[in-house]
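Engineer: Take a look at the following structure, please.
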Amino acid sequence: MLRYRIPIPKEGFFVAVEHLFIEENKYIEEKDYRVYRQTDTLIYEDFKVVKYLPVFKGVLEEEDENFNSFFKDTNGWKKMNNLDNSHSVFKGGVPAPAFKITLTD
């Protein structure tokens, strides 16, 4: 990961998660969408969207000197704190992946 300038800690854990867009991970989500525009009503019923598992959830973290979370987009690896988090949903936090790890011997 050094060539991408992603630091790997000397102590603790380094966890990598990959989202693969392959047939085995594919599923169809069906939803109804309703859009109301003044007098017009636009309704889409049984609208199908192709998605891929796993679906990752996240948490909002405060950014500090120990915050090291990265994502890869079409332009390469970037720190999560480089995302535009100006929307009120972020409440000033930085999104980070959330998952459980079970350690066994």
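Read-outs throughout are calculated quantities, based only on the coordinates presented, and are distinct from any laboratory measurement. What you see is a predicted model; the values in this text were computed from it and never measured. Here the Cβ is made from the backbone with ideal geometry for all residues, glycine too, and neighbour counts use every protein chain on show.
Engineer: Leu20: net charge of surrounding residues, Cβ under 14 Å, Lys/Arg +1, Asp/Glu -1, itself excluded?
Structural biologist: Details: positive: Lys26, Lys51, Lys72; negative: Glu18, Glu23, Glu24.
So the environment of Leu20 carries a net charge of 0.
Engineer: Name the residue from Ile8, Phe56, Pro95 whose Cα lies farthest towards the positive end of the charge dipole of the chain, charges +1 on Cβ of Lys and Arg and -1 on Cβ of Asp and Glu.
Structural biologist: Of Ile8, Phe56, Pro95, it is Ile8.
Engineer: About the Cα centre of segment 48-105, how large is the charge dipole given +1 on each Lys and Arg Cβ and -1 on each Asp and Glu Cβ? Please answer in debye to the nearest 20. Mind showing how you got there, number by number?
Structural biologist: Numbers: 8 positive and 8 negative charges, 105 e Å.
It comes to approximately 500 debye.
Engineer: Taking only pairs that are 8 or more places apart or on different chains, how many Lys pairs in the chain have Cα atoms under 17 angstrom apart?
Structural biologist: Details: Lys26/Lys48; Lys26/Lys51; Lys31/Lys48; Lys31/Lys51; Lys57/Lys72; Lys57/Lys91; Lys57/Lys100.
Total qualifying Lys-Lys pairs in the chain comes to 7.
Engineer: Moving to a separate point now. Hey, what did the chain get for relative contact order, percent, Cα under 8 Å, at least 6 apart? Intermediate values should be presented prior to the final figure.
Structural biologist: Details: 110 pairs, mean separation 22.3, N = 105.
The normalised contact order for the chain reaches 21 percent.
Engineer: Using DSSP to call loops (not H, G, I, E or B), can you name the GluC sites (Glu not before Pro) in segment 38-105 whose Cβ has at most 13 other Cβ atoms within 10 angstrom?
Structural biologist: Details: sites: Glu45, Glu61, Glu62, Glu63, Glu65; in loops: Glu62, Glu63, Glu65.
Taking segment 38-105 and a limit of 13 other Cβ atoms within 10 Å, the loop GluC sites (Glu not before Pro) found are Glu62, Glu65.
Engineer: With unit charges on the beta carbon (Lys/Arg positive, Asp/Glu negative), name the residue among Asn82, Ile43, Thr104 whose Cα is farthest towards the positive pole of the charge dipole of the chain.
Structural biologist: It is Asn82.
Engineer: Using the Cα centre of the chain as the reference point, and only Cβ charges (+1 on K/R, -1 on D/E), how large is the resulting charge dipole? Debye, rounded to the nearest 20. Walk me through the numbers before you get to the answer.
Structural biologist: Numbers: 15 positive and 18 negative charges, 52 e Å.
Around 260 debye, computed over the chain.
Engineer: Would you kindly work out the equivalent ellipsoid of the chain from its C-alpha gyration tensor and give its semi-axes, the square roots of five times the eigenvalues, largest first in whole Å?
Structural biologist: Details: eigenvalues 231, 83, 39 Å².
Ellipsoid semi-axes (Å, largest first): 34, 20, 14.
Engineer: Length gain on complete extension for the stretch Asp64 to Arg3, per 0.36 nm per residue less the alpha carbon to alpha carbon distance? Each step should come with its number before you reach the end.
Structural biologist: Numbers: separation 61, 0.36 × 61 = 21.96 nm, distance 2.33 nm.
My answer for the length gained is 19.6 nm.
Engineer: Around Glu61, what is the net charge, scoring Lys/Arg as +1 and Asp/Glu as -1 over all other residues with Cβ under 14 Å from its Cβ? It would help to have the intermediate numbers written out before the result.
Structural biologist: Numbers: positive: Lys57, Lys79, Lys91; negative: Glu62, Glu63, Asp64, Glu65.
Neighbourhood net charge equals -1.
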